[in-house]
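Undergrad: Okay, here's the structure, questions in a sec.
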Amino acid sequence: MFVTKNLYQNDDALKNTPLGQSSQTIGSWGCLLTSVTMMLNGIGYNETPVTVNDKMKKAGGFQGALFIPSMLPYVWPNVAYRDMQPCESTPAPIAQIDAAVAAGKPVILQVDWNKQQGIQTHFVLVKEKKGDDYVIYDPYKYGGDAPDKEVLLTNRYKYNGAKLATEISAVLWFENYSLAAPEPPQKTAVPLPAEKFTLYASADDLALRAEPSISGYLWKRMLMNTELISLEPKAQAAAKVGVQGQWIQVQDPKGDQGYVAAWYVSDRKSQPAPASSSTPKPGSAPVPGSAPKPGSAPAPTPPKSTVPAGALALYPATQITLRSKPVQAQDTIIRYVNPSEQLISLESANDAIKKVGVQNQWIKVKDAGGKEGYVAAWLVKYAGGSTAQAASATAASTGGTVKVRTTAEAVSLRSQPIVSDATLIKRVPINYEFIITESGGEAKIGANNQWIKVKDASHEGYIAAWFVTR
């Protein structure tokens with residue numbers, strides 16, 4: 001069961017508040033915002049839809065009226081957004097939802113709120129399982145609704161068969177690190193060194209922690225290119241920059257101090273390339289009657305890449321950027337890609353497999369709309385691919401030891417393949433190595449909603465298959 005307090009988007013006190021960066025209102029379009037607010041309060045925060053709206057606007061958590069869940073950890077570090085799993089054309093993953101709800105984890109569901117053709121999107125927060133239904137916290141207050149009135153999902157939203165498997169059109173998965181935010185440790189100010197050494201976050205979501213460990217208290221998360229001042233002597237800090245497993249004590253622009261993972265910082269800021277002088281100014285247009293000079297020709301349109309046989313399908317591990325070049329710069333941004341969107345590798349599977357999860361590697365991909373570009377290989381995970389499966393099958397047939405390594409920070413090793421505080425053995429850093437101990441486990445590598453039995457030098461347990469690679 002997930003316990004929180006009912007909140008309503010159409011409450012008179014807030015329903016006319018503009019939603020995000022738009023002219024829409026919380027009362028009309030704020031169901032996801034309000035569901036997230038109830039979730040945050042259930043894990044130890046004290047928010048209202050208005051305060052969450054304001055804080056997310058300041059953090060860049062809206063695109064117009066569109067709420068961007070992947071920005072939540074930058075504001076509330078005790079919550080992690082894992083994924084949005086669409087299931088409009090497939091049965092909803094009821095067993096996985098049941099397991100999360102039974103463990104007291106927050107799960108938000110997308111449903112259809114009226115009988116018109118197509119999905120009229122509405123979001124609700126799950127409270128508990130009851131028989132073959134879910135009791136929900138509905139952020140929209142209907143006549144007669146009250147905190148003590150039980151609302152069942154398929155009693156209220158029943159336009160696609162009145163069964164959970166068909167009424168749920170998407171699942172938003174979240175993790176929380178405790179049901180109540182831990183008490184922060186005592187802060188002790190460290191004086192700045194005489195010789196200033198400036199560092200920069202080389203990736204979004206960089207954690208500032210109270211201790212030099214992934215289990216250290218999380219002060220905040222920072223965006224790429226956040227400027228940091230080393231609190232360690234320059235030579236000592238410079239030797240750690242980019243080194244896996246090392247930590248550097250720093251101070252951020254607001255004066256907050258803590259430790260950052262050295263492998264996620266750089267001594268250089270990513271700079272946008274200078275704008276081309278030939279770029280037309282806004283509103284300009286060709287002069288009527290003008291023509292190219294003799295012998296000149298328009299630049300050819302680059303040909304579309306051919307998708308290789310057995311191409312890998314990939315999913316972002318968080319919201320990532322599709323770029324025109326494998327360079328982190330403002331002018332290379334094509335668009336942002338959400339975790340629910342599948343990407344197809346335009347590189348051979350054998351080449352792409354070696355890069356997935358590897359820092360500073362890039363993979364050329366095609367998005368769902370056919371746009372081509374590059375994505376950070378350390379921020380994607382496998383979805384599938386025939387060549388990858390063939391490689392796994394070969395490893396299995398040889399009977400050799402198969403090793404995997406993690407592709408994200410703080411990946412959980414669990415005693416059972418269930419997301420629960422009770423099953424957590426430990427969390428491990430990115431690139432941590434395990435040995436697969438189950439027959440055929442290598443065939444699951446990178447698969448969503450699969451678990452692999454593994455061991456290291458001290459423990460044996462289960463790891464999420466979508467957070468490991470070979």
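Undergrad: Select from the range 91-106 the residues that are surrounded by 19 or more Cβ atoms within 10 Å (Cβ to Cβ) and in contact with a strand residue (DSSP E or B) (Cβ under 6 Å, 6 or more places away or on another chain) and list them in ascending order.
TA: Passing the criteria: 97, 100, 101, 106.
Undergrad: Among the listed residues 255, 216, identify the single one that is outside the structural domain of residue 337 (by TED's automatic domain parsing), within 19 Å of residue 432 (Cα to Cα) and not in a strand (DSSP E or B).
TA: 216
Undergrad: Among 409, 438, which is closer than 28 Å to residue 102 by Cα, modelled with pLDDT of 80 or more and outside any strand (DSSP E or B)?
TA: 438
Undergrad: Further, regarding this structure: Can residue 400 be described as of a type in the set (Gly, Ala, Ser) and either part of a helix (DSSP H, G or I) or modelled with pLDDT of 65 or more (or both)?
TA: Here the answer is no, as residue 400 does not meet what is asked.
Undergrad: Among the residues of the range 96-146, which ones are acidic (Asp, Glu) and over 15 Å from residue 30 (Cβ atoms)?
TA: Across the range 96-146, the qualifying residues are 98, 112, 128, 132, 133, 145.
Undergrad: So, one more: Would you tally the residues in the range 93-118 being under 20 Å from residue 151 (Cβ atoms) and over 21 Å from the mean Cα position of the chain (by Cα)?
TA: Residues in the range 93-118 being under 20 Å from residue 151 (Cβ atoms) and over 21 Å from the mean Cα position of the chain (by Cα): 8 in total.
Undergrad: Could I ask something else about it? What residue, of 77, 73, is at pLDDT below 85, in a helix (DSSP H, G or I) and farther than 30 Å from residue 148 by Cβ?
TA: One residue alone meets the criteria, 73.
Undergrad: Please state which one of 113, 76 is on the phi < 0 side of the Ramachandran plot, in contact with a helix residue (DSSP H, G or I) (Cβ under 7 Å, 6 or more places away or on another chain), not assigned by TED's automatic domain parsing to the domain that holds residue 226 and not hydroxyl-bearing (Ser, Thr, Tyr).
TA: 76
Undergrad: Let me ask another. Considering only residues that are aliphatic (A, V, I, L, M), surrounded by fewer than 21 Cβ atoms within 10 Å (Cβ to Cβ) and within 15 Å of residue 37 (Cα to Cα), which ones fall in the range 54-70?
TA: Across the range 54-70, the qualifying residue is only 68.
The values are calculated or read from the model by the stated rules, or taken from the named source; none is laboratory data. Computed from a predicted model, the values in this text were never measured in an experiment. We place every Cβ from the backbone using ideal geometry, glycine too, and count neighbours over all the protein chains shown.
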